[in-house]
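J.: Attaching a single structure in structure tokens format; questions to follow.
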Amino acid sequence: MIDFYYAPTPNGWKVAIMLEESGLAYTTHLMKLAQGDQFDADYLKISPNAKIPAIVDHRPPENYRRNAVSVFESGAIMLYLAEKTGKFHPVDPVGRKEMMEWMFWQVGNQGPMAGQLSHFVNYAPVANQDYGQNRYRGEYERNLAVLEQRLTGRRYILEQYSVCDMIVFPWAFIAKPLTVSLDKFPNVAQWRGRIKQRPAVVNAINLYKKDQNRGTANVDNNSLLYNQTASHLMGDVTNDD
């Protein structure tokens, strides 16, 4: 059994998709980020970066020699689950090399740039949105261009559907809410359409869908989610807005 610490965000969806696709048994723990669940002392032992997602696997592979293993950061979780199940990842050296390239591209480029665009579109003060939106929309579209070229003549990022598709999909899935059209990226649009129809993906996207933060908690009313400093982890910060 796996304890899955989750909120209905693109980063949460990544691991939810992998859990659904692999058929692993898991219990979802909804993290109320606007209320500061991520700073709970017990959770910080699992996820010291105070972010979601995170997991605790109570039946880890034997070579771990532990009764339970915790994993934080979405990319690390995806790779851990792929290796645990032996599913959705290539085993040949070239394929594994390409998997690592695209996984690191996602966590180092596509995800952070899309997350910043989401911040300025959905949560930043109106007076301070323009520069941030312009900068990160350009970066988000640049990453779409990288993906568009990779998908030329391909159905998936690697030779087969893999953890790479699962981890990249969520931030491409919400292109329209991020004010970006996929009209210039037909390969991405077709790939997105194929993946969003998979039953496991549908289940993951719908997990606690009603609890999505649709701009209700924003910079103006929540200091636990935005404008964080070291004090959030090292001091006594409360949401007093």
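J.: Hey, does region 129-152 have a residue that's over 22 Å from Ser223 (Cβ atoms), at pLDDT 95 or above, not in a helix (DSSP H, G or I) and not assigned by TED's automatic domain parsing to the domain that holds Leu224?
T.: Checking region 129-152: at least one residue is over 22 Å from Ser223 (Cβ atoms), at pLDDT 95 or above, not in a helix (DSSP H, G or I) and not assigned by TED's automatic domain parsing to the domain that holds Leu224.
J.: Please give the number of the condition Met103 fails out of (1) closer than 16 Å to Asp165 by Cα; (2) more than 18 Å from the chain's Cα centre (by Cα); (3) in a helix (DSSP H, G or I).
T.: (2)
J.: At least 3 residues that are touching a residue at least 40 places away in the same chain (Cβ under 8 Å) in each: list the strands (runs of 3 or more DSSP E) lying fully within region 1-94 that qualify.
T.: The strands (runs of 3 or more DSSP E) meeting that bar are 2-6, 54-57.
J.: Test each condition in (1) among the charged types (D, E, K, R); (2) at pLDDT 95 or above; (3) on the phi < 0 side of the Ramachandran plot for Glu73 and report the one that comes out false.
T.: Going through (1) among the charged types (D, E, K, R); (2) at pLDDT 95 or above; (3) on the phi < 0 side of the Ramachandran plot one by one, Glu73 breaks only (3).
J.: Please report, ordered by residue number, the helices (runs of 4 or more DSSP H) entirely within region 154-241 with at least 3 residues that are surrounded by 13 or more Cβ atoms within 10 Å (Cβ to Cβ) and not polar (S, T, N, Q).
T.: It comes to 163-173, 186-196, 199-205.
J.: Restricted to region 110-130, and to residues that are free of Cβ contacts under 8 Å to residues at least 40 places away in the same chain and exposed (fewer than 15 other Cβ atoms within 10 Å of the Cβ), which residue is nearest to Met166 (Cα to Cα)?
T.: Asp130
The values are calculated or read from the model by the stated rules, or taken from the named source; none is laboratory data. The shown structure was predicted, so the numbers you read here are calculated from the model rather than taken from an experiment. Virtual Cβ from ideal backbone geometry, glycine too; neighbours counted across all protein chains shown.
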